[in-house]
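Quick one: this structure, given as structure tokens, is what I'll be asking you about.
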Amino acid sequence: MDYEQLPAPLPTGEFHGVWSMNTVRAADGSYSVAGVPLAQIATEFGTPSYVLDVADMRTRARVWKTAMDEAFADLNGADVYYAGKAFLSKAVAKWMYDEGLHIDAATEGELRTALAAGVPGSHCGLHGNNKSRAEIELALEAGVAHIVIDSLSELDFLNDIAKERGVSAPVYLRLTTGVHAGGHSFIATAHEDQKFGLSIATKVAHEAIKRAHAAENLNLLGLHSHIGSQILATEGFKEAARIVLELRAWAATQGIEIPEIDLGGGYGIRYTDADPTPPSTQEYVAALAGVVREHVTQTGLPAPRVMIEPGRSIIAPAMLTLYEVGTVKPVTIDDGERLYVSVDGGMSDNIRPALYEAQYTAALANRASTAELTRTRVVGKHCESGDIVVHNVAFPSDVQRGDLLAVPATGAYGRSMGSNYNMLTRPGVVAVENGRAWMILRRETISDLLALDVG
């Protein structure tokens with residue numbers, strides 16, 4: 001796709017649009033979210049800022065919950081775990097819980113954030129390929145719904161800790177299904193040559209099932225699969241589900257009943273107007289339910305309770321990043337000219353374009369322009385040539401210092417993968433709803449960074 005010729009689409013209010021459903025462009029060219037002008041947010045809260053459309057996010061969570069409840073009503077029910085790695089704060093954790101979702105945590109920090117928000121431990125799960133003793137002990141103390149085991153050594157480690165504490169640890173086994181899906185090799189997580197999971201192909205998963213079932217202080221509740229991220233079709237999910245359920249059926253032949261399965265996340269979204277529209281939430285869920293229904297019919301086994309872990313599909317479209325334009329510089333290249341537009345953030349607030357070559361788009365957010373569109377690259381202020389915010393976009397050629405620039409769909413893995421490279425402070429997160437704006441994560445300050453420097 002020639003992104004150089006592609007401007008940002010206008011907000012449409014559609015569920016699968018690039019912008020959040022409550023983003024509006026006025027006749028004067030200015031943008032607002034949930035009734036709050038972005039220019040007002042820039043004045044009150046500064047730039048860069050992440051802007052979270054609360055109603056949009058909650059709607060997406062509710063759609064997942066409703067779809068799963070309906071699709072699995074005639075089976076054994078279902079639960080939706082919000083993948084906290086995408087973005088988590090106390091406010092977001094509480095909103096997810098209020099919508100009936102559980103929280104999937106991958107670290108002590110994520111689990112403590114959920115607990116601090118008032119989410120019961122029973123509504124949390126703990127992931128991670130290298131859990132510390134402290135993380136496992138916290139999970140056991142909190143009474144989490146399950147701990148996902150990622151290796152045979154971790155199986156023994158967890159059993160020993162549970163034995164010391166005189167408890168039985170509820171566990172899932174994370175499987176490597178061999179199904180490769182996702183937008184980049186770094187985010188495809190079910191192939192063999194990577195750090196996650198217990199291989200089905202080499203029978204390590206089979207051994208893990210036997211060992212977990214026999215372990216004195218483990219309660220084998222479920223099997224888990226996560227095949228990748230930013231997946232825009234149902235086929236990979238269906239194939240992985242079949243493989244997980246086949247292993248569940250094998251376990252039954254060994255006298256081991258496994259009552260739950262977790263089919264992970266990875267449901268994709270649109271970042272630019274060139275991206276295909278993903279399947280609807282209902283289509284994703286119907287595909288999974290169909291495979292589970294086939295499994296029950298073919299094996300005669302009781303239906304498992306089914307979990308999924310959407311993150312990006314809930315939070316990413318609900319958030320944008322608001323920047324102020326600084327240096328604007330035309331650069332002559334082999335086939336003409338490219339306009340470099342520098343903003344007051346960069347790879348420290350969104351590493352995905354540099355890390356994954358992820359494509360985003362950008363819009364002039366504070367005014368209209370009748371100027372000719374020109375091929376543009378939006379870059380940050382870091383001392384790094386790969387510091388790119390938007391690789392290519394058709395942008396008004398009269399963009400100038402002081403303009404506001406908005407990049408949509410930055411809710412997932414923007415703030416959560418943020419850094420302090422070049423000692424930049426991470427932006428705050430501003431929530432907006434019904435014409436009101438308030439900070440849910442404050443902006444870092446240089447004083448914050450210096451307070452860490454005890455040398």
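The values are calculated or read from the model by the stated rules, or taken from the named source; none is laboratory data. The shown structure was predicted, so the numbers you read here are calculated from the model rather than taken from an experiment. Positions of Cβ are generated from backbone atoms using ideal geometry, with glycine treated the same way; all protein chains shown enter the neighbour counts.
Going residue by residue through the stretch 394-402, is there one that turns out to be within 28 Å of the chain's Cα centre (by Cα) and outside any strand (DSSP E or B)?
No, the stretch 394-402 has no match at all.
Shifting gears a bit: What number of residues in the stretch 201-216 are in contact with a strand residue (DSSP E or B) (Cβ under 6 Å, 6 or more places away or on another chain) and surrounded by fewer than 22 Cβ atoms within 10 Å (Cβ to Cβ)?
Total satisfying the criteria: 2.
Test of understanding: among ALA354, ALA406, which residue is among the aliphatic types (A, V, I, L, M) and closer than 24 Å to ALA91 by Cβ?
Of the residues listed, the single one that is among the aliphatic types (A, V, I, L, M) and closer than 24 Å to ALA91 by Cβ is ALA406.
Here's another thing I want to ask about it. Taking LEU322 as meeting all but one of (1) touching a Leu at 6+ places or on another chain (Cβ under 6 Å); (2) assigned by TED's automatic domain parsing to the domain that holds THR177, write down the number of the exception.
Every condition holds for LEU322 apart from (2).
Could you grab the pairs with beta carbons closer than 7 Å, sequence gap of 6+ or different chains, first residue in the stretch 106-126 and part of a helix (DSSP H, G or I), second one at pLDDT below 95 and surrounded by fewer than 18 Cβ atoms within 10 Å (Cβ to Cβ)?
Listed pairs, sorted by first residue: none to list.
Taking the stated definitions as given, is VAL407 assigned by TED's automatic domain parsing to the domain that holds ASN22, buried (at least 21 other Cβ atoms within 10 Å of the Cβ), in contact (Cβ under 8 Å) with a residue 40 or more places away in the chain and touching a Gly at 6+ places or on another chain (Cβ under 8 Å)?
So VAL407 does not fit the description; no.
Still on this model: Could you grab me the full set of residues in the stretch 260-279 that are closer than 25 Å to LEU223 by Cα and in contact (Cβ under 8 Å) with a residue 60 or more places away in the chain?
Passing the criteria: GLU260, ASP262, GLY265, GLY266, GLY268.
Determine if the stretch 105-127 includes at least one residue that is closer than 12 Å to ILE314 by Cβ, assigned by TED's automatic domain parsing to the domain that holds VAL148 and of a type outside the set (Asp, Glu).
no
Tally the residues that are part of a strand (DSSP E or B) and in contact (Cβ under 8 Å) with a residue 12 or more places away in the chain, restricting the search to the stretch 27-83.
The qualifying residues number 15.
Just to verify a result, which residue in the stretch 292-322, among those that are among the hydroxyl-bearing types (Ser, Thr, Tyr) and part of a helix (DSSP H, G or I), is farthest from ALA34 (Cα to Cα)?
Only one residue fits best here, namely THR299.
Now, a different point. Take the residues of the stretch 61-88 that are more than 25 Å from VAL296 (Cβ to Cβ) and within 13 Å of the chain's Cα centre (by Cα): which is surrounded by the most Cβ atoms within 10 Å (Cβ to Cβ)?
Once the filter is applied, the top-ranked residue is TYR82.
Right, here's the next one. Select from the stretch 242-282 the residues that are within 17 Å of PRO310 (Cβ to Cβ) and among the aliphatic types (A, V, I, L, M) and list them in ascending order.
Across the stretch 242-282, the qualifying residues are ILE261, LEU263, ILE269.
I would also like to ask the following. For the stretch 234-263, give me each residue that is part of a loop (DSSP other than H, G, I, E, B) and buried (at least 22 other Cβ atoms within 10 Å of the Cβ).
ILE258, LEU263
Right, here's the next one. For the stretch 362-378, how many residues are charged (D, E, K, R) and either farther than 22 Å from GLY345 by Cβ or not assigned by TED's automatic domain parsing to the domain that holds THR321 (or both)?
Total meeting the criteria: 1.
Within the stretch 413-455, count every residue that is among the aliphatic types (A, V, I, L, M), assigned to a loop (DSSP other than H, G, I, E, B) and within 26 Å of PRO353 (Cα to Cα).
2
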